[in-house]
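Comments concern the structure below.
The values are calculated or read from the model by the stated rules, or taken from the named source; none is laboratory data. Treat the numbers as computed from the prediction; the structure is a model and nothing was measured. Cβ sites come from the backbone with ideal geometry, for glycine too, and all protein chains shown count toward neighbours. Heavy atoms of the whole protein, side chains included, go into the accessibility calculation; ligands, DNA and RNA do not. Shrake-Rupley method; radii C 1.70, N 1.55, O 1.52, S 1.80 Å.
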Amino acid sequence: MSMAKFKYAGYSLTTLIVFISLLASSILAATGASTPGTWKGYVYANTTLAESRLPVSAYITGSLKDNTSTTTAEDRGFYILNVEGVAGQSVGFQVCGVNANQENQSWSVGPHPNGTYWGFNLSFSRSADGAACTYACGCTGGFCNSGTCASSAPSSGGGGTPSGGSPGGGGTTTTVATTTTTAPTTTTTTTTTTTTTIVTQTVPEVIANTPTEIKLPASESTSVESITIETTAAASNVQVTVKTTSAPSSASVIISSSSGAVYRYLDIKTVNVESSSIKSAKFSFKVERSWFTANEIDQTTVNLNRLVSNNWVKLATNIAGGDDKYVFYESESPGFSVFAITGEKVKAGATTTTVPIPTTTQPTTTTAATTTTQPTTDGTGIIIVVTVIIVLIAAYFYTKKSEQNRFSFPKV
């Protein structure tokens with residue numbers, strides 16, 4: 001029996017299929033359900049490939065979507081962002097709270113190429129000192145104090161408002177080279193160049209009496225990898241800044257050159273959390289193995305020292321592990337200040353302990369093709385269900401009709 005001849009309640013099967021399809025389309029249009037559209041590519045700051053862990057956000061018709069992403073650490077400057085929306089809506093982008101230079105896009109599932117490029121690259125321009133800001137990474141000076149771009153952090157531990165970074169990541173690293181020229185009594189002029197590195201990171205919230213880990217952007221110069229703080233009062237948009245510095249002129253001598261050496265001087269400050277509310281700050285930092293060899297330092301004697309009223313206070317410091325390049329340490333402080341990482345020389349005739357380098361087994365490398373799967377939209381799922389229902393209905397009535405024909409007798 002052909003589908004054209006099949007009828008149910010006076011309607012052909014073709015008519016029923018069209019009717020059910022129109023009904024399904026109406027349901028989809030009425031729901032207007034948002035589906036995910038994926039944007040991905042690289043972020044450029046002032047025409048240069050941006051550093052990792054910058055916050056990238058999308059706006060739908062002017063309203064911020066809860067879909068903030070961060071550029072990845074594994075692939076510098078790369079971002080991937082899933083934006084919930086429906087066809088026809090206008091999508092805009094921000095990086096570090098600054099509007100991207102690209103024009104708004106009409107929402108679709110994707111892919112979204114820039115011209116012939118497979119991805120959608122974003123670019124933005126950092127703001128000068130004095131401009132309004134949300135994140136420090138949106139400022140050329142590397143700081144966002146009380147919503148204004150600046151080149152330095154506030155002098156006090158408390159006060160100030162938003163910072164740099166993003167929820168769960170997005171810190172910034174700023175390197176500043178300063179040159180100091182001194183003129184001795186002779187006619188020779190000696191010039192020395194000091195490089196200062198600044199890293200900042202922000203967490204959106206610190207809960208009272210709950211340890212909160214703040215992971216800092218990777219930097220060999222600052223050495224500190226993370227800081228876990230615990231406070232007596234809740235705080236929002238807490239920023240931590242770590243800056244390499246030199247020995248304070250008014251401070252006492254921390255260690256003599258004959259006894260040991262200083263690995264780093266660090267100025268560590270916070271914004272948006274009162275110093276009096278800080279219960280503890282746990283530092284995770286690293287020291288290069290080459291430094292121990294070059295200065296004949298015993299790895300077990302490394303300490304973090306805190307400057308208090310121009311005097312150095314030695315903090316309890318423990319070895320946390322090591323790899324082929326670094327030895328890792330942990331130390332706890334009652335607050336923030338200027339710190340120094342020091343180590344003592346190996347004593348003559350003494351037995352020293354060296355943190356072992358972990359052995360690793362080289363895994364077998366296999367090359368596999370990469371498959372990219374587009375996300376299934378809500379509408380597709382409904383259409384599949386409706387199609388299955390149509391097929392089942394058709395099969396049912398076709399079977400019924402076949403049975404009727406089997407038991408019918410020809411007219412004489």
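Taking region 233-288 as the region of interest, the strands (runs of 3 or more DSSP E) fully inside it that hold 1 or more residues being within 12 Å of PHE336 (Cβ to Cβ), open to solvent by 20 Å² or more (accessible area, probe 1.4 Å) and acidic (Asp, Glu) are 260-271. Taken over region 328-370, residues that are modelled with pLDDT of 85 or more and surrounded by 13 or more Cβ atoms within 10 Å (Cβ to Cβ) amount to 19. For region 221-231, the count of residues that are over 25 Å from THR342 (Cβ atoms) and in contact (Cβ under 8 Å) with a residue 24 or more places away in the chain is nonzero. The set of residues from region 304-318 being in contact with a Ser or Thr (Cβ under 7 Å, 6 or more places away or on another chain), open to solvent by 70 Å² or more (accessible area, probe 1.4 Å) and either among the β-branched types (Val, Ile, Thr) or free of Cβ contacts under 8 Å to residues at least 24 places away in the same chain (or both) comprises just one member, ALA316. Of all residues in region 79-109, those that are more than 25 Å from ALA50 (Cα to Cα) and in contact with a helix residue (DSSP H, G or I) (Cβ under 6 Å, 6 or more places away or on another chain) total 0.
Filtering region 45-64 to residues that are among the hydrophobic types (A, V, I, L, M, F, W, C) and not in a loop (DSSP other than H, G, I, E, B) leaves ALA45, LEU49, VAL56, ALA58, ILE60, LEU64.
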